[in-house]
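The values are calculated or read from the model by the stated rules, or taken from the named source; none is laboratory data. Every value quoted in this text rests on a predicted model; they were computed, and no experiment measured them. Cβ coordinates were reconstructed from backbone atoms using ideal geometry, including for glycine residues, and neighbour counts include every protein chain displayed. What goes into the accessible areas is simple: the full protein's heavy atoms, side chains included, and nothing from ligands, DNA or RNA. Shrake-Rupley method; radii C 1.70, N 1.55, O 1.52, S 1.80 Å.
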Amino acid sequence: MTDVLVLRNLAAYSLQIGVIVTAGALLPALVRLRAPRARLIYWQVLLAACLVLPVLEPWGAPPPSRGAEVTVTTGATIAVAPHGPSLPVPAAWWALWTLGAGAVLRAGWLGLGFWRLRRYRTNARRLLPMPAEIAAIAHRLGVSPDVYLSGDLVGPVTFGARRAVVILPEHFLSLSDDSRRAIACHEFLHIRRGDWLFTVAEESVRCALWFHPCVWWLLGRIQLAREQTVDHAAVLLTADRERYLETLLDAAAVSAGLDLAPATLFLKKRHLSQRVASLLKETPMSKQRLVSSLVTISGVAILAMRLSVALFPLQAPAQETTQSPGVSVELGQYHLLHGTPVQYPRAAREHGIEGVVQVDASVDETGAVTDARVLSGPPELRKAVLESVLDWHFSTDGGLPPAIPVTVRFSAADAGPSPGLFNAPPAKVKQIVLSGMPGAMRERLNTELPVHIGDLLTPEVRAKLDAAVANIDEHLVANVHATPDGAVVTIYLPERRMAVPMASVSPGAPLRIRVGGNVQAANLIEKIYPVYPPEAKQARVQGTVALSVVINKDGTVANVDLISGDPLLAPTAIDAVKQWIYRPTLLNGQPVEVSTQVNVNFTLSK
């Protein structure tokens, strides 16, 4: 994903949060959701919804951009630049760097807060023995914190997960028994609820989204609702609302400055008036009204989430297609939807042949490539480019010219070591498959092939095989597929090369047209899935079976020939495809036969 696309998605995500938080801020007041605990749960769920939204929502693929370039380097994939006006790369980079630096600084500030807590604990002295009224409250709540006294603090501080720590100011012991009970109830309730972990998580969110005012506001609502919830629980525990309020006001008179520490505090001055008002105007809600209010605001919040996604969708990187190492493709302003990747010919890689192949690809109104013409490039590389380009399909968004210029660069330096049998132990040939070729060519192959069943397929033998196949016809393709019990050699002639001599076509002969596999798949109306052969499962064999398929004028399958694929998988794939039914293809209003390619993928679950 490019810097520009990351920045664009971050901006869209920020706007999504803005819509959700703005809508969510109005709902509690509209339905009069006053219960502090319910408000706390609501604010926390709203924050969680903002955080998980990028995972739940679908990421749309960006349309093509003008001047986009498709580039592939070693081990990389096709990636088209996203659509729309883009910032200059330096501006996008600096913007992301600034956002990242802000997050790091905020994280450093949070780390400083942890350090301050550690220093306070180190300098404090343990409160032993614990006053009887404080110990009674701890026992009643089922908590056993370490309680300290510190001269560096003017208000209580509570932190820690496995071993909770409460640091009280030195003047705590001089307070009245009622005030000490109120403060102890408040701090010990935070411990029982595990609020410190929530506080740390919220501050981590603040670090990551430090730039978003809605996130700061929402975190403030959560912290206020948490303190109000603990206030109400403490009042119920002490059964003395007036003394608890007095303790809050007394703390406000002396408390100062520890709001930046990642800890639960007895008092944050900016929350004082709201906490006091909540205690004075407590209006209990019935369970039925509480549930109905939560259901209502949750439904509206979900609608706000969907609206935010619709208005500001996130964009995924463009569709990717695996390419051969050492190959790069430039398509100018046109967007490739799908297609066979360009492979670096093994022989060319072995001999260090590299260069640039220029091709003009003719396309129809659907964007499918109907023909391709090589303009220039090394002869050893042209065939690989043509075979791939003829199976490409371009997006029609923005219109397409009759021919699209394609530039393919081959770099032996970036290709790395040659894959396949040249790097694998020699294997015996267990099967030779000849497919998609005239009878005369098949007979010649049977006679002149230097490889036979049972031969050991060494690199030297494979080189002889490639040379013999190229000598018979430069358009032939030879593939070797390794299996646990041997190698399968498949030699085929691509369908686009199977031209019928004009003299052999009579006026009444049925017309057959070639249609790309992905285009013809849209006309499939009845599909039978192949059964995974048990012996293939046992041998852990998986892969793709490529089939050449001829479809009758009525949509039934007339013929299926194997192009490539493991012999254990091919029979069941052929049997299934023979039962497929397509919608008839019309040419000038008349049904015609169709020749296409079908790929059947067999994948074992992990």
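Here the label points at residue 521 and residue 396, each 7 Å from Cα along the C-beta direction, are separated by 1.8 nm in the simple model.
Working ranking of peptides 184-197, 140-153 by packing, defined as the average number of other Cβ atoms within 10 Å per residue, highest first, is 184-197, 140-153.
Here residue 463 and residue 360 are evaluated by their C-beta separation; at R0 = 41 Å the FRET efficiency comes out at 0.80.
How big is the shadow of the Cα convex hull of segment 433-489, averaged over all directions, in nm²? Provide the component values of the computation, followed by the final result.
Numbers: hull surface 15.7 nm².
Its average projected convex-hull area is 3.9 nm².
Nonpolar atom fraction for segment 153-256, defined as the carbon and sulfur part of the 1.4 Å probe accessible area, stands at 60 percent. Annotation: peptides 441-450, 562-571, 365-374, ranked by per-residue average of other Cβ atoms within 10 Å with the highest first, follow the order 562-571, 365-374, 441-450. When the surface is traced with a 1.4 Å probe over the full set of protein chains, residue 472 keeps roughly 20 Å² accessible. With K and R counted +1 and D and E -1, the other residues having a Cβ less than 13 Å from that of residue 26 yield a net charge of +2.
For the cross-link pairs 428/464; 383/428; 527/553; 527/578, which exceed 19 Å when the distance is taken from alpha carbon to alpha carbon? Please list the in-between numbers first.
Values: 428/464 15 Å; 383/428 28 Å; 527/553 17 Å; 527/578 10 Å.
From the list (428/464; 383/428; 527/553; 527/578), the Cα-Cα distance tops 19 Å for 383/428.
Given a 1.4 angstrom probe, I'd like the percentage of the accessible area of segment 516-604 that is carbon and sulfur, rounded to a whole number. Don't jump to the answer; show the numbers that get you there.
Numbers: 2160 of 4400 Å².
In segment 516-604, the share of accessible area belonging to carbon and sulfur is 49 percent.
Rolling a 1.4 Å probe across the protein heavy atoms gives segment 103-163 an accessible surface of 59 Å² per residue.
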